[in-house]
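Down below is the structure, laid out as structure tokens.
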Amino acid sequence: MNRVDRLMGYLLLFQSRGLMRAQDFSQQFEISERTVYRDIQSLCEVGVPIMAMPGEGYRLMEGYYLPPITFTPNEARSLYLAIAILSAQAKPGPTQDAARTALEKVRSVLPSASRKQVEALEAIINFYSFPKNLLDFDDTLLGTLQEAIQQRRLVHLCYHSLSSNAVTERDVEPLELIYLDKAWILSAYCRLRQEQRMFRLDRIDAIKVRPRETFAPRSPERHTLERGPEPIVVRFAAEIVRWVREDQHYSFVKERAVDAPDSADRLMIYRPRTFRQIKNWLLSWAESMEIIAPPHLRAELAETAAIIAERHSSRD
């Protein structure tokens, strides 16, 4: 990033966040704090009223605003695509309406060249989604949890667990909301289990915010994909390999050829946290799939297939 763009970035951060420390700028732009001090001095020399707050950081003098921002063609393109995706993926409601009006406001201030590029994109790009996959940004539960996180309010949950098919009640400290694999998830510190846990919002049967109980700030853990203890080796028939790759399971690890002459079948390795997470997906490939290892999961799938066959046998 060149220095002019970096200085503009300082102003944008000041306007959006208010108080900023030298180390905040240092981390954001990957520069030394000494460079930050020189940049701040340069902004002051060109008339930007930056106030130093001893022991706290820097902020713009109250009442100072940046002139209207102009967008480059690439920025305008990115902004249009982001709003268009949001409009298509959101359920009808205030958020979707706000996205559309925001796009019109952005369009009205774009330079002619950027506006023409956006209009050209509108003519050739569309986003669609099935109704069941639409994001409900205006859901009451989502809004309640957002407010609880911001105010650090303790929340009482009645949660329906997939693994045990039972409902448990617990108090949690809500930390952040995550959208993962078509589902909203609450990351929270669970006081019942004494550790940070993940809760799918569609499995929360009831919620109660405890308005008089708050909790101390706690940094959410950075989550990574949790792998199971043992790999599952699956053989797929050659004629469906392409379609398996297209609809690959999230726990996929790697793929290799079958050690057999003249065979186009492929072996694929998976490591889901539990077999339940991949079992139904494997069954969807029917006779074109075979678990090679481990033996106990091969036996479990065979047992399930036998039950399905029995239930679908001819009846008098």
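The values are calculated or read from the model by the stated rules, or taken from the named source; none is laboratory data. All of these numbers come straight from a predicted model, not from anything done at the bench. Glycine also receives a Cβ, built like all others from the backbone with ideal geometry; neighbour counts cover every protein chain displayed.
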Yes/no for L162 being in contact (Cβ under 8 Å) with a residue 24 or more places away in the chain, over 20 Å from the mean Cα position of the chain (by Cα) and within 14 Å of E213 (Cα to Cα): no
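Being of a type in the set (D, E), buried (at least 16 other Cβ atoms within 10 Å of the Cβ) and either within 30 Å of L145 (Cβ to Cβ) or not assigned by TED's automatic domain parsing to the domain that holds Y179 (or both) is the requirement here; does D259 meet it?
No, not satisfied.
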Checklist (1) among the aliphatic types (A, V, I, L, M); (2) in a loop (DSSP other than H, G, I, E, B); (3) within 26 Å of P92 (Cβ to Cβ) applied to L186, failing item: (2)
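So which of R298, R271, R276 ends up being of a type in the set (K, R), surrounded by 15 or more Cβ atoms within 10 Å (Cβ to Cβ) and within 23 Å of S161 (Cβ to Cβ)?
R271
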Residues (acidic (D, E), touching a residue at least 24 places away in the same chain (Cβ under 8 Å) and in contact with a strand residue (DSSP E or B) (Cβ under 6 Å, 6 or more places away or on another chain)) located in the range 249-300: D265, E290
Residue under evaluation E221, criteria (1) surrounded by 11 or more Cβ atoms within 10 Å (Cβ to Cβ); (2) of a type in the set (D, E, K, R); (3) more than 19 Å from the chain's Cα centre (by Cα), criterion not met: (3)
Flag for E239 being assigned by TED's automatic domain parsing to the domain that holds S263 and exposed (fewer than 15 other Cβ atoms within 10 Å of the Cβ): yes
Residue in the range 105-123 that is surrounded by the fewest Cβ atoms within 10 Å (Cβ to Cβ), counting only those that are modelled with pLDDT of 80 or more and over 12 Å from L81 (Cβ atoms): A123
Failed item, numbered, when L192 is tested on (1) touching a helix residue (DSSP H, G or I) at 6+ places or on another chain (Cβ under 8 Å); (2) part of a loop (DSSP other than H, G, I, E, B); (3) free of Cβ contacts under 8 Å to residues at least 60 places away in the same chain; (4) not polar (S, T, N, Q): (1)
Condition broken by L110, with the remaining ones in (1) closer than 30 Å to D139 by Cβ; (2) in the same structural domain as N126 (by TED's automatic domain parsing) satisfied: (1)
Boolean, S251 is within 26 Å of the chain's Cα centre (by Cα), over 30 Å from T144 (Cβ atoms) and either at pLDDT 95 or above or not assigned by TED's automatic domain parsing to the domain that holds L180 (or both): yes
Wholly enclosed helices (runs of 4 or more DSSP H) of the range 18-128 bearing at least 1 residues of a type in the set (V, I, T): 33-45, 73-89, 94-109, 112-124
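Each row is one residue, and each column tells you yes or no for (1) among the basic types (K, R); (2) surrounded by 15 or more Cβ atoms within 10 Å (Cβ to Cβ).
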{"residue": "L11", "(1), (2)": "no, yes"}
{"residue": "S16", "(1), (2)": "no, no"}
{"residue": "F25", "(1), (2)": "no, yes"}
{"residue": "F29", "(1), (2)": "no, yes"}
{"residue": "R34", "(1), (2)": "yes, no"}
{"residue": "L43", "(1), (2)": "no, yes"}
{"residue": "M51", "(1), (2)": "no, no"}
{"residue": "P54", "(1), (2)": "no, no"}
{"residue": "G57", "(1), (2)": "no, yes"}
Filtered residues of the range 165-188 (kept if surrounded by 15 or more Cβ atoms within 10 Å (Cβ to Cβ) and more than 19 Å from the chain's Cα centre (by Cα)): R170, D171, V172, E173
Boolean, T144 is hydroxyl-bearing (S, T, Y), assigned by TED's automatic domain parsing to the domain that holds I185 and either out of contact with any Asp or Glu (no Cβ under 6 Å at 6 or more places or on another chain) or over 30 Å from C190 (Cα atoms) (or both): yes
